[in-house]
Amino acid sequence: MKSTRRRFMAVSAVSVASLVTSKVAFAQPMLEESAPQAVALGYVEDAANVDTAKFAKYQKGQVCSNCQLYTAKDDKVGACSIFPGKLVAGPGWCNLWVKKAG
Ligand code: SF4
């Protein structure tokens with residue numbers, strides 16, 4: 001019985017922490033394509049608009065939502081460790097794209 005209550009408390013604490021974290025994450029502004037670091041890395045909100053002449057590494061199918069550096073619960077908007085404090089578009093892309101493991 002004690003073990004069940006302890007487990008419930010632990011799960012509750014993790015759930016509350018997750019809610020707070022996700023709320024904070026989605027309070028962040030979207031990264032603008034015109035931001036200097038975004039321009040330098042060829043970031044676009046829609047991978048269909050990648051400047052392939054400048055960023056030849058891009059291959060069809062690469063998007064933020066399947067990049068290793070993208071963290072989110074869905075594929076529309078998420079955080080990226082390259083752009084702290086900003087959100088990136090799931091269908092976006094930049095030159096640091098790395099295939100998500102697994
Ligand atoms: Fe998107 Fe990955 Fe570039 Fe971040 S590093 S902007 S998730 S492609």
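The numbers here are math on the coordinates, done by the rules we state, and not lab data. Bear in mind the structure is a predicted one, so any value in this text is a computation, not a measurement. Positions of Cβ are generated from backbone atoms using ideal geometry, with glycine treated the same way; all protein chains shown enter the neighbour counts.
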Completion exercise
Burial-style ranking of 63-75, 27-39, average other-beta-carbon count within 10 Å with highest first, yields 63-75, 27-39
Problem - Interchain or long-range residues, amide H under 5 Å from MET30's placed H - result: LEU87
Completion exercise
For segment 80-95, Karplus-derived ³J(HN,Hα) couplings (6.51, -1.76, 1.60; θ = phi - 60°; whole Hz; x for glycine and proline) come out as 9, 5, 6, 10, x, x, 10, 10, 10, 7, x, x, x, 6, 8, 5
Handout entry: Per-residue ³J(HN,Hα) for segment 35-50, Karplus 6.51 cos²θ - 1.76 cosθ + 1.60, θ = phi - 60°, Hz, x for Gly and Pro
Key = 5, x, 5, 5, 4, 4, 9, x, 5, 9, 6, 10, 4, 5, 9, 4
Practice task
Taking H placed 1.01 Å from N in the peptide plane, check which residues at least 5 places from LEU69 or on another chain put their amide H under 5 Å from its amide H.
Solution key: VAL98
Practice task
Go through segment 66-74 residue by residue and turn each phi into a ³J(HN,Hα) via Karplus (6.51, -1.76, 1.60, θ = phi - 60°); whole Hz please, and just put x for glycine and proline.
Solution key: 10, 9, 4, 8, 8, 10, 5, 8, 9
Fill in the blank from the handout: FRET efficiency (ALA27, ASP51; Cβ distance; R0 35 Å; to 0.05) is 0.70
